[in-house]
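Worksheet for the structure shown next.
Read the figures in this text as sums done on the coordinates, not as results from a lab. It should be emphasised that the depicted structure is a prediction, and the values quoted were computed from it without experimental measurement. Glycine also receives a Cβ, built like all others from the backbone with ideal geometry; neighbour counts cover every protein chain displayed.
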Amino acid sequence: MRALVLLISLLLSSIAPALAKAPQVRDGDLLFVSAGSTGLSGAIDDATGKQGQVSYDHVALVAHDGSERVVLHADEQGSRQQPLSAFLEEARAKHRHVVLYRLKQAPRDTIPDAIATARTMLGKPYNVTYVQSEDSYYCSDFIERAFRAHHVFALQPMNFKNPQTGEISQYWIDFYKTRGMAVPQDQPGTNPNDMAASPALTRIGVLF
């Protein structure tokens, strides 16, 4: 019996460091989802990815609803609240990684207001053109607006050019042609990769 107890203690002590390293999410945290290599996700990576770094194509804001942890975000289904567990399961199903970022100490008092603002934006459709609109939002646009009153994130000139070639990819040319518009190169906007690089954020760790 004593040997069994000792064995269990040794096993627990061996896994404890791994458990301790698992990041815990808090209200106001941002979850960045790694980009795919094809389609829209690949095109976002092609234009906004940082060389030598993980590239992201989505971002969501952590909050809670009663005792349930949720995320507030804008995706193809529109601006919505989703259980955190469902959000993570969708990322797993797509074989994506989810990386946790946290606001640095100075702007953390903006979190309750940002969450309240994000909730007022729920129910709007997804912005398929990525051009700033008051009637629809895309993922990083939704987050920037949630914190806008506190100037946490800055708008940047949107880029659709491959940084290696300096040319706008055919994907984006075709993408906007079907919408009857020119590629909105250099118009103000946001993207998950620039947002993740913001000095307002600290990278906490990979959830999976």
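Values for this structure:
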| item | result |
| --- | --- |
| Filter result (among the aromatic types (Phe, Trp, Tyr) and on the phi < 0 side of the Ramachandran plot) within the stretch 117-133 | TYR126 |
| Every pair of residues 6+ apart whose Cβ atoms lie under 6 Å, when the first sits in the stretch 74-100 and is of a type in the set (Ser, Thr, Tyr) while the second is not in a strand (DSSP E or B) | SER79/MET121; SER79/LEU122; SER79/LYS124; SER79/PHE142 |
| Residue check, ASP174 in contact with a helix residue (DSSP H, G or I) (Cβ under 7 Å, 6 or more places away or on another chain), charged (D, E, K, R) and part of a helix (DSSP H, G or I) | no |
| Single residue of MET158, MET181 found to be touching a residue at least 24 places away in the same chain (Cβ under 8 Å), more than 18 Å from MET121 (Cβ to Cβ) and surrounded by 16 or more Cβ atoms within 10 Å (Cβ to Cβ) | MET158 |
| Residues within the stretch 188-205 that are surrounded by 16 or more Cβ atoms within 10 Å (Cβ to Cβ) and part of a loop (DSSP other than H, G, I, E, B), tallied | 4 |
